[in-house]
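Each remark here refers to the structure printed beneath this line.
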Amino acid sequence: MIDIDVFLRTVMQAVQDKKVPIVDLIAVQTEDPFKVLVATILSARTKDETTAAASARLFAAAADLKGLAALSGEKIAALIYPVGFYKNKAAYLARLPQALARYNNVVPDTVEQLITLPGVGRKTANLVVAVAYKKPAICVDTHVHRIMNIWEYVTTATPLETEMALREKLPARHWLTVNSLLVAFGQSICRPVGPHCDACPLLPDCPQRGVAPRRHPGTTQGPETGLKKFISWNVNGIRAVEKKGFVQVLQDLDADIIALQETKARKDQLSEELKNIPGYTSYWHSAERKGYSGVAIYSRLQPMHVLQGLGDPEFDCEGRVLTLEFPSFFFVTAYFPNSADGLKRLDFKLRFNKKFLDFAQDLARRKCVVICGDYNVAHKEIDLTNPARNTANAGFTPEERHWMDTFVQAGFVDTFRIFHQDPGHYTWWSYRFNARSKDIGWRIDYFCVDVAHAGRVDKALILKDIMGSDHCPVQIDFRMDQPG
Ligand code: SF4
């Protein structure tokens, strides 16, 4: 068991010169609960720099509740753009003056009252109580939840469970400060992807539960070991995820190949930064319809050939499949169709699936095939939280699951299940009902490898702490020097 006093003191020293989380910064600058509340609402799933700029624009137009009440939802949206989910947040803020009237136009100082306000969940409420009012509250965001589990100080599955466990266990003297300390620490040293353990003063005593430290020269996974890191991520709009720090995340992931699905953009619509990520060449297969579907691959490895689509215009106009050929394997990424509400596209999806299986089997006759992407199906009951309630819903119908059975029987191995047989591992969470923070999810993103070459997979992971999309990335480490 770690000594939490020593650990938090060490973290405090380690982050002294690091960036202060934006909400704390606003609190220091204003000590105004209204501004802290608004900035906290804006900060969810948004880079600190973007939150800071949007807060400044909004507070210049509306310095207090009265000022906010005078703005329309459209005006607020224009002022806070491009924070994540700016339309939803503008709607919440437009309703805030009316909601606060219940509390005599004063921002409440209890979690119970704060969570009755539009757009305020437990995390935001705890943060406002702790930061604006300096009252005992533990704000558990993704960094606190993740790092407390890495330290094995708690063993919990969701931020809410972590909050409850910390209320029992964490000495009250740390409640107010733990969030800002661990956010700064999580953003700088104990990062969600490739934590900088080599530079961390806690390394000798840290349990490092579930951690894959960053690679650094001459230690792991370099070309000399023959291991390459492959990642697949449905980004749900590359231009949207760019605003949430995608380029930095991609660099932190430090993968050799990163496949993306649902890019919703053509290459000519991308920023120069996205087109030119140092070290990578990108390949694209976009839909003819603007802002729809689309796949891409960023690769450090130079392919011999690039193939777009399945060779069938019915499917290829939707930009769903992209294949890179390397000397000893094919790397395929696919964005399988969603059978949609009312299963309107189930027939289309099943035709696509059949065509895709023929395509994959053709490739597998020639050499090893790695197939990653959003398969848009949870295969087994253990692959989603509520199987019984979803048997008639898109992504878990008997027809879609049957195709996945067929795919596996045809010789394609779901590599995650080689290493993890237990339930509770998900890659997609609905944006509704706080599903991600409650971990009510589905595992629909996979890396499959043909059975003859599945032994080349050294590790399979779900990177559930990577935010920015309603999906998280999935990863395999793949042996280059072991063709069989
Ligand atoms: S040693 Fe690594 S995992 Fe542990 S706290 Fe430091 S950075 Fe995080």
Filtered hits (lysines, Cα-Cα < 24 Å from residue 169, offset >= 8 within chain) -> 123, 134, 135, 438
If 92, 446 are placed from fewest to most neighbouring beta carbons inside 10 Å, the sequence is 92, 446
The size of the Cβ-based charge dipole (Lys, Arg +1; Asp, Glu -1) of the range 4-188 about the Cα centre, to the nearest 20 debye, is 340
Phi-derived 3J(HN,Hα) across the range 436-441 with the Karplus relation (6.51, -1.76, 1.60, θ = phi - 60°), rounded Hz, x for Gly and Pro, is 5, 5, 8, 6, 9, x
Under the rule rounded for a/c under 1.5, else prolate if a/b exceeds b/c, else oblate, using alpha carbon gyration tensor axes a ≥ b ≥ c, the range 87-244 is classed as oblate
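Taking K and R as +1 and D and E as -1, what net charge do the other residues with C-beta under 15 Å from the C-beta of residue 381 add up to?
Cβ neighbours under 15 Å give a net charge of 0.
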HN-Hα couplings for the range 68-76 via Karplus (6.51, -1.76, 1.60; θ = phi - 60°), in whole Hz with x for Gly/Pro, come out as 5, 4, 7, 9, 7, x, 5, 5, 4
Trypsin sites (Lys or Arg not before Pro) in the range 104-206 lying in a DSSP loop, each with at most 16 other Cβ atoms within 10 Å of its Cβ, come to 134
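Counting other C-beta atoms within 10 Å, and keeping those with at most 14, which DSSP coil GluC sites (Glu not before Pro) do you find in the range 147-194?
Answer by residue number: 152.
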Bridge orientation stat for the chain from DSSP, antiparallel percent rounded to 5, came to 80
Quick shape check on the range 227-479: root eigenvalues a ≥ b ≥ c of the Cα gyration tensor, a/c under 1.5 is rounded, otherwise prolate if a/b tops b/c, else oblate, and it reads rounded
Phi angles of the range 127-141, converted by Karplus (6.51 cos²θ - 1.76 cosθ + 1.60, θ = phi - 60°) into ³J(HN,Hα) in whole Hz with x for Gly and Pro, give 5, 5, 4, 6, 7, 7, 10, 6, 9, x, 6, 10, 8, 9, 9
Out of 143, 369, 451 - ranked by how far each Cα lies towards the positive end of the dipole of the chain, with unit charges on the beta-carbon of charged residues - the top one is 143
Beyond 22 Å, the calculated P(r) of the range 4-188 holds a percent of Cα-Cα pairs equal to 44
Interchain or sequence-distant (5+) residues whose placed amide H lies within less than 5 Å of the amide H of residue 413 are 449, 450, 451
Reduced to Cα centres, the span from the range 138-155 to the range 309-348 in Å works out to 38
Correct semi-axes for the range 70-118, from √(5λ) of the alpha-carbon gyration tensor and rounded to whole Å with the largest first, are 22, 12, 7
Here, trypsin sites (Lys or Arg not before Pro) of the range 288-334 satisfying both criteria (DSSP loop; at most 11 other Cβ within 10 Å) are 290
Taking N as the residue count of the chain, its alpha carbon Rg divided by 2.2 N^0.38 Å gives 1.01
For the range 285-361, shape from the Cα gyration tensor axes a ≥ b ≥ c, cut at a/c of 1.5 then a/b versus b/c, turns out prolate
Nearest 10, in degrees from 0 to 90: the angle of helix 346-366 to the longest Cα principal axis of the chain is 60
Expected sort for 404, 480 with the fewest Cβ neighbours (10 Å cutoff) up front is 480, 404
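Only the coordinates and a few stated rules stand behind these numbers; no lab work does. Computed from a prediction, not measured in an experiment: that's the story for all the values here. Because the Cβ atoms are built from the backbone with ideal geometry, glycine has one as well, and the counts that use them run over all protein chains shown.
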